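Here's the structure we're looking at; comments come further down.
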Amino acid sequence: MQLSRAQYVCLVFSIMATAIGQSLVFAILPPLGREVNLAEVQITSIVALSAFIFGVASPYWGRYSDRVGRKPVIMIGLIGYTVGTLVFASLFQAALMGLIGGSMLFALALIFRCSQSMVMSASGPAATAYAADHTSADQRTKAMARLGAAHNTGTILGPAVSGGLATLGLLAPLFFAGILTGVAAIYTWLKLPVTPNDQLQQRTLQAKVRYTDPRVVRLLAICIGMFSGFSGIQQTLGFNIQDKLGLDGIQTAQMTGGALMISAIFSFVAQLLLVGRLNWKPETFIRLGTLCLIGCAAFMTLSDTFLGLSIGMALMGTGLGMAMPSISAAASLAVTPEEQGAIAGLVSSCPALGFMVGPVIAGYLYQLNPSYATGFSLFIFCILFAVLLISRKKATPDIKPPKQ
């Protein structure tokens, strides 16, 4: 059992388009926020609160896709992303024109971004569950690695597009992202096969998988911790680059895009050449990935040059490239076929929950001292690695996957 070419292309396109849009926002929002006089903690709070909404909604969409099918939920997410991005970009266009500002701008940005997050969170878990539906247990890790590679291809292209389009203005990349996800929605609607009705009926009576489920609680906690540290670094990256290198808004967007592209390239390579080819246990990849994240945070804390920051971002990409597909695959194998949508929703929510914590703490610490923000991430990664070593005997590879 494996994904057909048509199914694979649709999933890759939808994931890649969303990833391009997300990486554009991460590259553009710090300098864009400063252009309209938002404080650093306000900018990171927009990310954090919208991430909270994303995290709350993702499990619901995963379970909903178990009942109604994967394709409709993927479509809801893509359309929501398209509309939300265009509205969000239009709001900042009004701010740049001087039509709105201050607390009103901040409040509306929060409302629009959180509304977008509530809907766009549908596509990720549904796409992941669709892949799980069509792969056997022994192919699950490789399938998740390939989808992860598609996501990282998007994050590679996103900063490159951002840097190029930023010359036309800071909002040009956002409008491009909205149009691209709209095209992905149309393509998915036309080409992706629907889930057969008999499979939907089998899933209707399933029990809910919860964060506290003993089969997956450890994996979910590790994933949330990783993204708490990761988001703290990512959401202060633009500030770090602008302040350490003395750049203006356009230059900051371009250099931030370049750093994110380096991270995405290394993540792409790690997923295809390591996770996709080596038959190591998921736990091994998770531990190695956490070590890379520790190295990333150390470089980001100590470096004052773009080269040092780039090395840190390369380690970040490598670490997440090894850890995330392994967490997704291990969680998928730990539950039954009827629970794939539910577990995909929970795993998809973990990065968002991490983003709820990391950006706010890092944004506040950055205002006190820039090194405090990345030092916070270093502390989190060290704690995670200690937990992984202590709980080694209870590692997820010991869990017998269900018969599928």
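The values are calculated or read from the model by the stated rules, or taken from the named source; none is laboratory data. Treat the numbers as computed from the prediction; the structure is a model and nothing was measured. Cβ sites come from the backbone with ideal geometry, for glycine too, and all protein chains shown count toward neighbours. To get the accessible areas, we keep the full protein, side chains included, count just its heavy atoms, and leave off ligands, DNA and RNA. Shrake-Rupley method; radii C 1.70, N 1.55, O 1.52, S 1.80 Å.
Determine whether region 77-91 contains at least one residue that is of a type outside the set (Gly, Ala, Ser), in contact (Cβ under 8 Å) with a residue 24 or more places away in the chain, open to solvent by 50 Å² or more (accessible area, probe 1.4 Å) and not in a helix (DSSP H, G or I). Looking for residues that are of a type outside the set (Gly, Ala, Ser), in contact (Cβ under 8 Å) with a residue 24 or more places away in the chain, open to solvent by 50 Å² or more (accessible area, probe 1.4 Å) and not in a helix (DSSP H, G or I), one finds none in region 77-91, hence no.
So which of MET322, MET316, MET300 ends up being among the hydrophobic types (A, V, I, L, M, F, W, C) and within 21 Å of VAL216 (Cα to Cα)?
Numbers: MET316 fails: within 21 Å of VAL216 (Cα to Cα); MET300 fails: within 21 Å of VAL216 (Cα to Cα).
The match here is MET322.
Exactly one residue among SER103, SER115, SER136 is modelled with pLDDT of 90 or more and hydroxyl-bearing (Ser, Thr, Tyr), and that residue is SER115.
Only one of ILE28, ILE20, ILE15 is touching a helix residue (DSSP H, G or I) at 6+ places or on another chain (Cβ under 8 Å) and modelled with pLDDT of 85 or more. Can you tell me which?
Testing whether each residue is touching a helix residue (DSSP H, G or I) at 6+ places or on another chain (Cβ under 8 Å) and modelled with pLDDT of 85 or more leaves just ILE15.
Looking only at residues in region 196-224 that are modelled with pLDDT under 80 and crowded, with 21+ Cβ neighbours inside 10 Å, the one that is farthest from LEU157 (Cα to Cα) is ARG203.
Being closer than 30 Å to GLY69 by Cα, touching a residue at least 12 places away in the same chain (Cβ under 8 Å) and open to solvent by less than 10 Å² (accessible area, probe 1.4 Å) is a property that does not hold for SER328.
Take the conditions (1) in contact (Cβ under 8 Å) with a residue 40 or more places away in the chain; (2) closer than 28 Å to ALA143 by Cα; VAL217 misses just one of them, which is (1). Screening SER231, SER267 for residues that are touching a Leu at 6+ places or on another chain (Cβ under 8 Å), surrounded by 20 or more Cβ atoms within 10 Å (Cβ to Cβ) and assigned to a helix (DSSP H, G or I) leaves exactly one candidate, SER267.
Conditions (1) part of a helix (DSSP H, G or I); (2) among the acidic types (Asp, Glu); (3) more than 15 Å from ILE222 (Cα to Cα); (4) open to solvent by 30 Å² or more (accessible area, probe 1.4 Å), marked per residue:
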{"residue": "VAL335", "(1), (2), (3), (4)": "no, no, yes, no"}
{"residue": "GLU338", "(1), (2), (3), (4)": "yes, yes, yes, yes"}
{"residue": "GLN367", "(1), (2), (3), (4)": "yes, no, yes, yes"}
{"residue": "TYR372", "(1), (2), (3), (4)": "yes, no, yes, yes"}
{"residue": "LEU389", "(1), (2), (3), (4)": "yes, no, no, yes"}
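Quick check on ALA109: is it among the small types (Gly, Ala, Ser), more than 30 Å from LEU272 (Cα to Cα), modelled with pLDDT of 80 or more and open to solvent by less than 10 Å² (accessible area, probe 1.4 Å)? Reasoning before the result, please.
Numbers: among the small types (Gly, Ala, Ser): yes; more than 30 Å from LEU272 (Cα to Cα): yes; modelled with pLDDT of 80 or more: yes; open to solvent by less than 10 Å² (accessible area, probe 1.4 Å): yes.
So ALA109 fits the description; yes.
Restricting region 1-36 to residues that are of a type in the set (Val, Ile, Thr) and part of a helix (DSSP H, G or I) leaves a set whose member that is surrounded by the most Cβ atoms within 10 Å (Cβ to Cβ) is ILE28.
Can you tell which of GLY276, GLY258 is more than 23 Å from VAL161 (Cα to Cα), in contact (Cβ under 8 Å) with a residue 12 or more places away in the chain and open to solvent by 10 Å² or more (accessible area, probe 1.4 Å)?
Numbers: GLY258 fails: more than 23 Å from VAL161 (Cα to Cα).
Exactly one of GLY276, GLY258 is more than 23 Å from VAL161 (Cα to Cα), in contact (Cβ under 8 Å) with a residue 12 or more places away in the chain and open to solvent by 10 Å² or more (accessible area, probe 1.4 Å), namely GLY276.
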